[in-house]
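Structure first, commentary second.
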Amino acid sequence: MAVVGRRVRRVESLDRVKGVGSFTDDLTYAGMLHAAVVRSPVARARIKHIETGRALRRAGAEAVFTFQDIPGRNVVPIILEDQPFLAEEYVNYVGEPIAVVLASERETARAAAKEVSVRLEELPPILDLLKARRHPRVHLFGEDNVFKHLRIRRGDTAAAFSSCDVIVENEYRTPYQEHAYIEPEAMIAIPHPDGTIEIRGSMQCPFYVRKAVTSVLGLPESRVWVVQAATGGAFGGKEDVPSLLACQVALPAWKLKKPVKLVYDRTEDMVSTSKRHPSWVRYKSGATRDGVLKAVEVEYVIDGGAYSTLSPAVLYRGTVHAAGPYRCDNVKVDSYVVATNRVPTGAFRGFGSPQILFAAESQMDQLAERLGLHPAELRRRNLLRAGDTTITGQKLTVSVGLEETLDRVLEASGWPTGQKRDDGVGYGLSTVFYGVGLGAAGKHLARTGARVIVHADGSVTFSVGTTELGQGMTTVLSQIVSEELGTPLECVQMIAPDTSRVPDSGPTVASRSTTMSGNALKDACGKIRDVLLAEASRALRIPVSDLRIVEGAIVPAKEEGPSMPIDEAIKSCTTARLPLSAEGWHVSTSTSWDDRTGQGDAYVTYAWATNLAKVRVDRETGEVTVLKMWAAHDVGKAVNPTLAEGQIEGGILQGLGFALTENMFTDERGVIVNPDFSTYIIPTAADSPEIVSLLVEHPYPDGPHGAKGFGEQPLMGVAPAVANAVRDAVGVRITELPITPEKIWNALRSSRRVPVTQR
Amino acid sequence: MKLKFTVNRRATTLEVTGAERVIDLLRERLGLVGTKEGCGKGECGACTVLLDGSPVCSCLLLSSQVAGREITTIEGLSEGESLHPVQAAFAETGAVQCGFCTPGLVLSSAALLADIPAPSREQMKRALAGNLCRCTGYQKIFEAVELASRNMRREKRRRR
């Protein structure tokens with residue numbers, strides 16, 4: 001393979017280092033207006049009256065739009081259809097959109113938005129996820145405030161626990177995690193004279209955006225055209241939220257017949273957009289003396305906020321990943337996502353799994369401790385291998401490289417196994433897995449399209465429906481196209497994702513772009529190869545079956561014989577007026593899920609990983625310093641190792657933020673207390689430890705060149721590795737994230753009063 | 001008031017009130033959109049420019065504060081088509097992911113290397129701690145600074 005597997009330079013990086021203006025806020029259109037959003041200041045209220053007169057009298061203010069101006073349906077359709085675009089009778093969270101204000105300048109629009117006065121009759125909010133479930137009086141969603149309940153029933157946990165030699169039972173909690181992409185949410189709508197509307201912005205899912213705008217404006221899909229602008233980080237935060245922004249610009253643009261731009265202010269972005277679901281977990285696990293994981297019982301509750309958005313799908317992933325990457329014959333999982341009067345939570349790298357894996361992997365270390373086994377040894381005795389069956393009853397056949405990831409990390413780290421020194425330094429392990437793609441919960445979306453055109457001069461353009469978010473999709477897909485067609489990488493150009501160029505290809509989520517768009521491109525390129533090979537066959541007088549494309553030339557499969565450079569074959573096809581363009585399509589292999597038992601082939605395949613954290617804990621202050629991290633990931637095939645390492649390194653640092661510092665919370669009125677970078681602390685360069693990334697390649701036969709998706713996985717096992725390392729370092733077990741110095745200090749103080757017997 | 005200052009080596013005069021933010025002058029009046037706004041509060045560093053060679057947040061700077069001074073934005077770092085060694089190194093090592101923080105990080109790195117030609121990792125961490133990046137984990141950014149440092153010192157020796 002000439003290009004796949006090589007560390008080629010990211011294709012858009014030269015533009016980025018020069019600061020070429022391709023992000024949404026860099027774009028300007030003649031006559032463009034600026035929008036600002038009027039939002040609810042309270043967590044729950046009935047709307048009595050919206051007064052817009054004063055805002056409209058401000059110089060430069062152009063218009064105010066409320067739900068009454070919506071020509072279509074007042075709903076942002078995602079999975080369920082419970083979220084209004086603009087609030088009508090009730091507001092259900094602080095920051096909920098009520099009206100959109102337009103002005104010639106951004107600052108004027110923002111100032112005028114503050115002058116829209118909304119008379120509200122406040123109602124008592126529900127802010128606690130456990131109180132929300134089956135609340136006796138307040139019904140925010142259905143009868144019980146449960147958006148979705150999922151279950152797994154496998155074996156007989158009650159009987160299995162009675163035969164266990166050790167049982168560990170604990171509760172765990174995790175808070176919001178904010179995406180903190182550095183580019184705030186941004187969107188532009190441009191109405192065209194022909195009755196179409198163009199939407200350009202920062203987004204993961206152009207087809208979601210199209211669906212929302214067609215719903216709100218009451219237009220057919222053929223008249224809404226969505227193009228992704230350069231997107232400055234997303235991590236799940238630009239999955240469903242851009243649909244809301246697109247409606248906020250599309251409505252005024254449609255009504256006023258002028259382009260409209262909207263960029264969220266950072267605080268507004270942090271207050272009003274989705275985050276990782278806060279969670280509560282009760283986890284019971286049991287093992288026999290010889291270190292076999294016998295039974296797992298989990299109750300998992302996550303806070304979905306005021307509207308369901310992507311929560312049912314988030315819950316699905318969390319449920320499937322509930323027991324970690326282990327064999328276990330007796331499993332009972334009950335998971336719930338509940339409605340509260342807080343900001344709707346949604347997709348964030350890992351998608352419901354980091355919370356449950358924090359619990360699962362903390363449990364594994366406690367079992368190991370009670371059994372007197374090394375944490376790596378207990379995992380080795382239980383981890384999934386080819387031929388094993390997952391807790392959903394899925395038989396694993398190929399591409400199960402988990403044990404190799406464990407071996408590689410142990411080998412690279414030289415984790416000392418001898419007598420533990422009392423120097424405040426500790427090591428912590430986690431082994432995790434990631435179901436690639438949407439899985440059975442999203443199987444109706446598991447298809448993608450692509451289009452490839454080979455031009456007469458030999459250059460190639462391609463279009464896909466998935467998006468570049470910084471993860472490196474453009475480069476990886478360009479490498480695949482270059483490989484398939486034998487044309488040099490520098491001749492291959494991706495066109496910005498655009499709903500008019502390919503059929504609905506689903507969302508850019510679930511680490512699915514490389515596999516899905518990669519396979520669709522292979523399909524399209526295959527059709528073009530057929531034309532090229534037929535033409536070469538004619539010219540060379542060699543049967544097609546005896547020809548290959550190798551590094552820019554069509555050559556005989558056998559050693560000797562004439563060959564033909566690819567650009568010559570292209571010229572020849574052009575002269576013969578043969579079509580060198582093709583559509584590609586890919587549909588995932590089937591997945592299944594039984595709602596009653598939680599059994600089925602939950603995902604098409606899995607990525608696997610082992611993480612090891614080395615930390616030092618200051619016993620006086622409780623402060624944790626992460627000294628070094630090792631991570632090995634089975635990615636099937638690294639199409640571009642540099643980009644794969646970039647995913648590992650970036651995911652680890654986000655995971656360290658989740659583990660140690662990121663602590664967004666609301667006050668007793670449901671107001672987020674720390675919506676800015678000076679109070680919500682994400683890791684900086686100064687907090688970045690040395691990271692050793694190791695790539696393991698157990699090819700996935702249905703992936704392009706063996707590749708699996710894995711971009712989310714690097715974050716998922718970091719928090720439990722750190723929690724386990726803290727325990728190893730100073731003997732305290734922290735079960736609530738983030739692991740702050742206060743929590744460690746308090747735990748150290750109380751552990752001094754009650755002597756610790758373990759280790 | 002008339003504001004006279006230098007932007008990317010060019011003498012520039014603008015009619016201003018004195019209270020505009022410099023980031024808005026650059027992006028909206030001069031069309032230099034390489035300077036990005038991530039927070040508007042001086043907390044993320046995406047809007048970093050060099051003011052007389054030192055990195056500052058242009059969202060916290062008012063137009064009256066830059067009278068007579070010299071500003072370098074990302075557009076002014078490269079000379080024509082040829083990239084500054086820091087820019088080339090960022091592209092080379094994989095230090096760019098989404099690229100929104102990149103102009104600020106490149107400028108802060110260039111200022112660091114102008115000050116300390118061969119910085120240690122600790123010096124890099126201190127110098128870059130004001131520029132948030134949510135994608136890369138900073139590893140490949142450190143590698144880029146090291147690569148640029150090597151290339152710049154080699155170039156300097158060659159010129160001697």
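In this structure, A:W415 and B:Q123 have a Cβ-Cβ separation that, at R0 = 45 Å, corresponds to a calculated FRET efficiency of about 0.90. Calculate, for A:A159 and B:K4, the FRET efficiency according to 1/(1 + (r/R0)^6) with r their C-beta to C-beta distance and R0 51 Å; round to the nearest 0.05. The computed FRET efficiency comes out at 0.05. Computed from phi, the 3J(HN,Hα) profile of the range A:699-713 under the Karplus parametrisation 6.51, -1.76, 1.60 (θ = phi - 60°) reads x, 9, x, 8, x, x, 6, x, 6, 10, x, 7, x, 7, 4 Hz, with x in place of Gly and Pro.
Relative contact order, whole percent, for the range A:252-342 stands at 27, derived from Cα pairs under 8 Å and 6 or more residues apart.
Counting neighbouring Cβ atoms within 10 Å and putting the fewest first, the residues A:D634, A:D144 line up as A:D144, A:D634. Taking every full run of DSSP H in chain A, the ones that stretch at least 15 Å from end to end by Cα along their long axis and average -1.0 or higher on the Kyte-Doolittle scale are A:206-217, A:241-256, A:353-371, A:402-413, A:473-485, A:513-540, A:641-660, A:718-730. Counting only DSSP beta bridges whose two residues both lie in the protein assembly as shown, roughly 80 percent are antiparallel. A compact globular protein would have a Cα radius of gyration near 2.2 N^0.38 Å; the ratio found for the range B:2-77 is 0.96. Of the residues B:S109, B:G137, B:P119, the one whose Cα sits farthest toward the positive end of the charge dipole of the range B:85-159, with +1 on the Cβ of Lys and Arg and -1 on the Cβ of Asp and Glu, is B:P119. Of A:V227, A:V333, B:V106, the sequence from fewest to most neighbouring Cβ atoms within 10 angstrom is A:V227, A:V333, B:V106. Dimensions of the range A:607-682 from C-alpha coordinates, computed as largest minus smallest value along each principal axis and given longest first, are 49, 32, 20 Å.
The order of A:F348, A:F677, going from fewest to most other C-beta atoms within 10 Å of their C-beta, is A:F677, A:F348.
Per the Debye calculation on the protein assembly as shown with a single equal scatterer at every Cα and no solvent contribution, log₁₀ I(q)/I(0) for q = 0.07 Å⁻¹ amounts to -0.57. This model, with +1 at the C-beta of Lys and Arg and -1 at the C-beta of Asp and Glu, gives the range A:56-176 a dipole about its Cα centre of some 80 debye. Quick one: if the Förster radius is 56 Å, what FRET efficiency do A:T679 and A:D144 give, using the C-beta to C-beta distance and rounding to 0.05? Efficiency for this residue pair is about 0.95. Loop sites here are GluC sites (Glu not before Pro) outside DSSP states H, G, I, E and B with no more than 10 other Cβ atoms within 10 Å. The longest part of chain A free of them is A:144-558.
With a simple spin-label model that places each label point 7 Å from the Cα along the Cα-to-Cβ direction, the separation between A:L256 and A:R619 comes to 6.5 nm. Given +1 on the Cβ of Lys and Arg, -1 on the Cβ of Asp and Glu, and no further charges, what dipole in debye does the protein assembly as shown carry about its Cα centre, rounded to the nearest 20? Around 740 debye, computed over the protein assembly as shown. Within the range B:28-122, the proportion of Cα pairs with more than 19 Å between them is 41 percent.
Counting only other chain Cβ atoms within 10 Å of each residue's Cβ, the peptide B:21-31 averages 1. Taking the Cα atoms of the range A:471-513, the ratio Rg/Rh between the radius of gyration and the Kirkwood radius comes to 0.99. Label point of A:L578 set 7 angstrom out along Cα-Cβ; within the range A:507-546, amide nitrogens under 15 Å from it belong to A:525-546. GNM remark for chain B: springs join alpha carbons under 10 Å apart, and the peak mean-square fluctuation among B:E81, B:E43, B:E15 falls on B:E81. Averaged over the residues of A:131-143, the number of partner chain Cβ atoms lying within 10 Å of the residue Cβ comes to 0. Going through the range A:111-205, which trypsin sites (Lys or Arg not before Pro) have at most 16 other Cβ atoms within 10 Å and a DSSP loop state? Hits after loop and neighbour filter: A:R134, A:R137.
Inter-chain neighbour count for A:695-708: the average number of beta-carbon atoms from partner chains within 10 Å of each residue's beta-carbon is 0. Between A:L56 and A:S459, full extension at 0.36 nm per residue minus the direct alpha carbon distance yields a gain of 139.8 nm. Among A:G655, A:P689, A:L612, pick out the residue whose Cα is farthest towards the positive end of the charge dipole of the range A:584-711, where Lys and Arg carry +1 and Asp and Glu carry -1 on C-beta, about the Cα centre. Comparing the listed Cα positions along the dipole, A:L612 ranks first.
In this structure, the residue pairs whose Cα-Cα separation is over 24 Å, taken from A:K238/A:K708; A:K628/B:K125; A:K211/A:K708; A:K211/A:K522, are A:K211/A:K708; A:K211/A:K522. So, counting K/R as plus one and D/E as minus one, what does the shell of residues with Cβ under 12 Å around A:F161 add up to? It works out to a net charge of -1.
Toward the positive end of the charge dipole of the protein assembly as shown, with +1 on the Cβ of Lys and Arg and -1 on the Cβ of Asp and Glu, the farthest Cα among A:L477, A:P503, B:V7 is that of B:V7. Translational diffusion of the range A:103-180, estimated by Stokes-Einstein from the Kirkwood radius over alpha carbon pairs at 25 °C in a medium of 0.890 mPa s, is 130 µm² per second. Measuring nothing but how far apart in sequence close Cα pairs (under 8 Å, 6+ apart) lie, relative to its length, chain A scores a relative contact order of 16 percent. Summarising the label geometry, the points placed 7 Å from Cα in the beta-carbon direction at B:K156 and A:H49 lie 7.0 nm from one another.
Packing, taken as the mean count of other beta carbons within 10 Å per residue, orders the peptides B:113-125, A:514-526 from highest to lowest as A:514-526, B:113-125.
Counting only the Cα atoms, the range A:128-173 fills a convex hull of 125 Å³ per residue.
Read the figures in this text as sums done on the coordinates, not as results from a lab. Source: prediction; values computed, not measured. As a convention, Cβ positions derive from the backbone with ideal geometry for all residues, glycine included, and neighbour counts pool all protein chains shown.
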